[in-house]
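Scroll down for the structure; my scribbles are underneath it.
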Amino acid sequence: MAKINLKTFVSGNLSNNCYLVFDQTNNKGFVVDCPSPSAEIRGYIKEKGIDVLFVALTHAHFDHIAGLGDFQVPFYVHKDDKAFLKDSRLNGSAFFEQAVKIVEEPLLYPKNSELYFLHNKIEVIFTPGHTPGSVSLRLGNWLFSGDALFFDSVGRTDIPLASGGVLIKSLKERVMVLPDETMVYPGHGPSTSIGRERKHNPFLRNANGRE
């Protein structure tokens, strides 16, 4: 991981975090979530000469997928969120100014719950609740939590096909078991750590995955 860089971009009306992960030795990388507008992200990639291999989606709400058409690379989504890509009511865009529909066929996360970026394993942790197919992506000491876990908060569940009970169960059983020093990079807002959220998150305080 010593040669792996992380660059964060904030984009769109909902201030989405988009993460660019790249190996500084060979300038190959991948993107976590893909909001719109993407001009700043694409400009940085072009300036640095980074070869983006794929996009990894944490879930398929419109604010995380609207920029996919700007990247002509494969993208991954969980099978339980696949329907969101073409359904503007499920992905939430029908309630905003412009419907978002992704016509390109996605790749589905493998059943063994692992991806690889070069020689680096990306653990795909199934964390449903905010959407049925939400995942958190763990690369070394980094966790990209999408809209499941935030600084002092958790994802919304007052939206179609969401469940508060499922979300809290996902986080307690699959995320809060990670080491305290794990850095958390959410879909919106500042980064945090598992240890901090274990102590201070009002939804998860003192959660250790063994309750």
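Please treat every number below as a calculation from the coordinates, not as lab data. Predicted model, so just to flag it, every value in this text is computed and none were measured. Cβ: placed from backbone, ideal geometry, glycine included. Neighbour counts: every protein chain shown.
For the pairs Lys3/Lys86; Lys46/Lys101; Lys86/Lys199; Lys48/Lys79; Lys28/Lys101; Lys46/Lys199, flag any whose C-alpha to C-alpha distance is greater than 31 Å.
Going by Cα-Cα distance, Lys3/Lys86; Lys86/Lys199; Lys48/Lys79; Lys46/Lys199 fall outside the 31 Å limit.
Backbone geometry of segment 46-53 corresponds, through the Karplus equation with coefficients 6.51, -1.76 and 1.60 at θ = phi - 60°, to 3J(HN,Hα) couplings of 5, 4, 8, x, 7, 8, 7, 8 Hz, x marking Gly and Pro.
Sorted on the mean count of surrounding Cβ atoms within 10 Å across their residues, most packed first, peptides 56-62, 41-47 read 56-62, 41-47.
Reducing segment 85-103 and segment 11-31 to their Cα centroids gives an inter-centroid distance of 23 Å.
Between Pro132, Leu167, Thr58, the Cα set farthest toward the positive side of the dipole of the chain (charges on each charged residue's Cβ, about the Cα centre) is that of Leu167. So which GluC sites (Glu not before Pro) in segment 124-197 are both in a DSSP loop and have at most 16 other Cβ atoms within 10 Å of their Cβ? Taking segment 124-197 and a limit of 16 other Cβ atoms within 10 Å, the loop GluC sites (Glu not before Pro) found are Glu181.
Taking 0.36 nm per residue of separation and subtracting the current Cα-Cα distance, fully stretching the chain between Glu123 and Glu173 would add 16.5 nm. How about segment 74-158: which GluC sites (Glu not before Pro) there are in a DSSP loop, with at most 16 other Cβ atoms within 10 Å of their Cβ? Passing both the DSSP loop test and the Cβ count: Glu97, Glu104.
Highest GNM mean-square fluctuation among Leu107, Leu149, Leu167, for the chain modelled with Cα contacts below 10 Å: Leu107.
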